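A.B. asks: Provided herewith is a single structure, encoded as structure tokens, for subsequent inquiry.
The values are calculated or read from the model by the stated rules, or taken from the named source; none is laboratory data. The shown structure was predicted, so the numbers you read here are calculated from the model rather than taken from an experiment. Here the Cβ positions follow ideal geometry from the backbone for every residue, glycine too, while neighbour counts run over all protein chains shown. The area values use the complete protein model at the heavy-atom level, side chains included, leaving out ligands, DNA and RNA. Shrake-Rupley method; radii C 1.70, N 1.55, O 1.52, S 1.80 Å.
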Amino acid sequence: MQLLHAWVSDMVDRLKKTAGSLPEESVLKEAQVLFSVAFHEMIRQVSVHCLERGHLMGKIWWSEMELFQRLLHLHRQSRAQLDQERAKRISEQ
């Protein structure tokens, strides 16, 4: 677990350093991949000792990811709607 902790800390530091030079969506995608890899490794390690806990952790993680994806979809829809409304107002002027 110590190696995983050190790896996550290092990767988060790297992500923070590059965050200013990348679009926000790219940073979020990279963060999602980073945390997915870390969480899957943690699930694997927990499953070695208790399979049921590992399965529960996996189920919670996937539920969280589904929720995140739905929220991201809603955000994109809202953003697109605002862009359309803005374009309509500009064309009416």
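A.B. asks: For the range 26-50, enumerate the residues that are in contact with a helix residue (DSSP H, G or I) (Cβ under 9 Å, 6 or more places away or on another chain), open to solvent by 60 Å² or more (accessible area, probe 1.4 Å) and more than 15 Å from Leu4 (Cβ to Cβ).
C.D. replies: Leu28, Glu30
A.B. asks: Let me ask something else. Tell me the residue from Ser36, Ser26, Ser47 that is under 15 Å from Met65 (Cβ atoms) and polar (S, T, N, Q), please.
C.D. replies: Numbers: Ser26 fails: under 15 Å from Met65 (Cβ atoms); Ser47 fails: under 15 Å from Met65 (Cβ atoms).
Only one candidate qualifies: Ser36.
A.B. asks: Okay, moving on. Name the pairs whose Cβ atoms lie under 6 Å apart, with the first residue in the range 25-49 and within 12 Å of Trp61 (Cα to Cα), the second aromatic (Phe, Trp, Tyr), and 6 or more positions between them or separate chains?
C.D. replies: Close Cβ pairs (under 6 Å, with a partner that is aromatic (Phe, Trp, Tyr)) amount to Phe39/Trp61.
A.B. asks: Looking at Asp83 and the list (1) open to solvent by 80 Å² or more (accessible area, probe 1.4 Å); (2) assigned to a helix (DSSP H, G or I), which single condition is not satisfied?
C.D. replies: Status for Asp83: all satisfied but (1).
A.B. asks: Which numbered condition trips up Leu22, out of (1) surrounded by 13 or more Cβ atoms within 10 Å (Cβ to Cβ); (2) assigned to a helix (DSSP H, G or I)?
C.D. replies: Of everything listed in (1) surrounded by 13 or more Cβ atoms within 10 Å (Cβ to Cβ); (2) assigned to a helix (DSSP H, G or I), Leu22 misses just condition (2).
A.B. asks: Do we find that Arg53 is modelled with pLDDT under 95, in a helix (DSSP H, G or I) and open to solvent by 80 Å² or more (accessible area, probe 1.4 Å) in this structure? Reasoning before the result, please.
C.D. replies: Working: modelled with pLDDT under 95: no; in a helix (DSSP H, G or I): yes; open to solvent by 80 Å² or more (accessible area, probe 1.4 Å): yes.
Taking the combined requirement at face value, the residue does not satisfy it.
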